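Following: one structure in structure tokens, then a few remarks.
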Amino acid sequence: MAVILKSCRVPWDISPSMSGLTLTHSETSVRPECSVVFGGGRLGEDGLTDSRRIEIWFEGAWFARCGPKFDNDDITSIGYEVLGAYDGPPRSYLEWRKAQWRQTGFCPDSSFYVATRSDWRETAHASGWQKLNHYVVEGRDGYVEILAERFRWREWPWANGLRDDVSGEADIIASGDGTE
């Protein structure tokens with residue numbers, strides 16, 4: 001069965017050139033904790049995407065895995081299908097993306113997805129893990145997959161310096177949560 005994804009409703013995107021996905025998955029005495037940190041951005045009034053450090057925490061994240069992909073390929077190159085993906089001429093993609101983003105407030109293809117169909121999730125459900133969603137975080141050279149109940153995110157401005165230093169130096173400028 002093919003994995004079918006849809007873009008999560010978030011107001012940012014994962015940078016196709018500076019994503020640098022970092023996965024942390026650890027056990028605790030209560031529940032496993034999982035987070036993914038990366039470089040991303042939001043669409044500005046000038047039509048350009050700014051730079052931000054973004055962290056996603058996955059609640060009830062019992063399973064995680066990752067894999068490589070070539071930096072010029074998108075997530076469909078490894079066999080996943082994306083619902084609502086742009087299907088027009090390549091030269092019109094950026095205008096379509098900006099228009100959709102401005103209209104809805106959410107990036108139409110953030111590179112952060114939730115599966116609507118997934119063998120991995122179905123196998124987990126058959127084993128008694130009923131509340132888990134299958135999330136995919138797509139970076140430049142790799143991707144991370146997580147089975148979790150829900151997610152929370154927060155972001156910081158990242159104008160210069162090391163991405164991981166930003167969270168200790170600046171205030172959180174936005175946060176949110178969801179399942180999709």
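The values are calculated or read from the model by the stated rules, or taken from the named source; none is laboratory data. All values derive from a computational prediction rather than experimental measurement. With ideal geometry, Cβ positions are generated from the backbone for all residues, glycine too; neighbour counts draw on all protein chains shown.
Condition check ((1) touching a strand residue (DSSP E or B) at 6+ places or on another chain (Cβ under 9 Å); (2) more than 21 Å from residue 98 (Cα to Cα); (3) part of a strand (DSSP E or B)) across all residues:
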| residue | (1), (2), (3) |
| --- | --- |
| 11 | yes, no, no |
| 18 | yes, no, no |
| 29 | no, yes, no |
| 45 | no, no, no |
| 54 | yes, no, yes |
| 66 | yes, yes, yes |
Condition check: within 15 Å of the chain's Cα centre (by Cα), over 21 Å from residue 151 (Cα atoms) and not hydroxyl-bearing (Ser, Thr, Tyr). Does residue 16 satisfy that?
yes
Complete set of residues in region 143-178 that are part of a loop (DSSP other than H, G, I, E, B) and small (Gly, Ala, Ser)
159, 161, 170
Which numbered condition residue 56 fails, given (1) of a type in the set (Val, Ile, Thr); (2) at pLDDT 95 or above; (3) more than 15 Å from the chain's Cα centre (by Cα):
(3)
How many residues does region 69-98 hold that are surrounded by 12 or more Cβ atoms within 10 Å (Cβ to Cβ), within 15 Å of residue 47 (Cβ to Cβ) and of a type in the set (A, V, I, L, M, F, W, C)?
1
Checking the condition of a type in the set (A, V, I, L, M, F, W, C), under 19 Å from residue 86 (Cβ atoms), assigned to a strand (DSSP E or B) and touching a residue at least 40 places away in the same chain (Cβ under 8 Å), which residue from 5, 23 passes?
5
Among the residues that make up region 67-74, is at least one of them in contact with a helix residue (DSSP H, G or I) (Cβ under 6 Å, 6 or more places away or on another chain) and under 30 Å from residue 30 (Cα atoms)?
no
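Results for (1) under 12 Å from the mean Cα position of the chain (by Cα); (2) in contact (Cβ under 8 Å) with a residue 12 or more places away in the chain, shown as yes or no for each residue.
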{"residue": "145", "(1), (2)": "yes, yes"}
{"residue": "149", "(1), (2)": "no, yes"}
{"residue": "153", "(1), (2)": "yes, yes"}
{"residue": "156", "(1), (2)": "no, yes"}
{"residue": "160", "(1), (2)": "no, no"}
{"residue": "166", "(1), (2)": "no, yes"}
From 102, 91, 97, which residue is in a helix (DSSP H, G or I), out of contact with any strand residue (DSSP E or B) (no Cβ under 9 Å at 6 or more places or on another chain) and either under 21 Å from residue 12 (Cβ atoms) or free of Cβ contacts under 8 Å to residues at least 24 places away in the same chain (or both)?
91
How many of the residues making up region 14-29 are surrounded by fewer than 18 Cβ atoms within 10 Å (Cβ to Cβ), under 17 Å from residue 68 (Cα atoms), modelled with pLDDT under 85 and small (Gly, Ala, Ser)?
1
Can you pull out every residue in region 30-68 that is exposed (fewer than 12 other Cβ atoms within 10 Å of the Cβ) and either at positive phi or in contact (Cβ under 8 Å) with a residue 60 or more places away in the chain (or both)?
47, 67, 68
Is it true that some residue in region 102-118 is surrounded by 11 or more Cβ atoms within 10 Å (Cβ to Cβ), over 18 Å from the mean Cα position of the chain (by Cα) and within 30 Å of residue 171 (Cα to Cα)?
yes
Suppose the filter is among the acidic types (Asp, Glu) and modelled with pLDDT of 85 or more; does residue 155 pass it?
yes
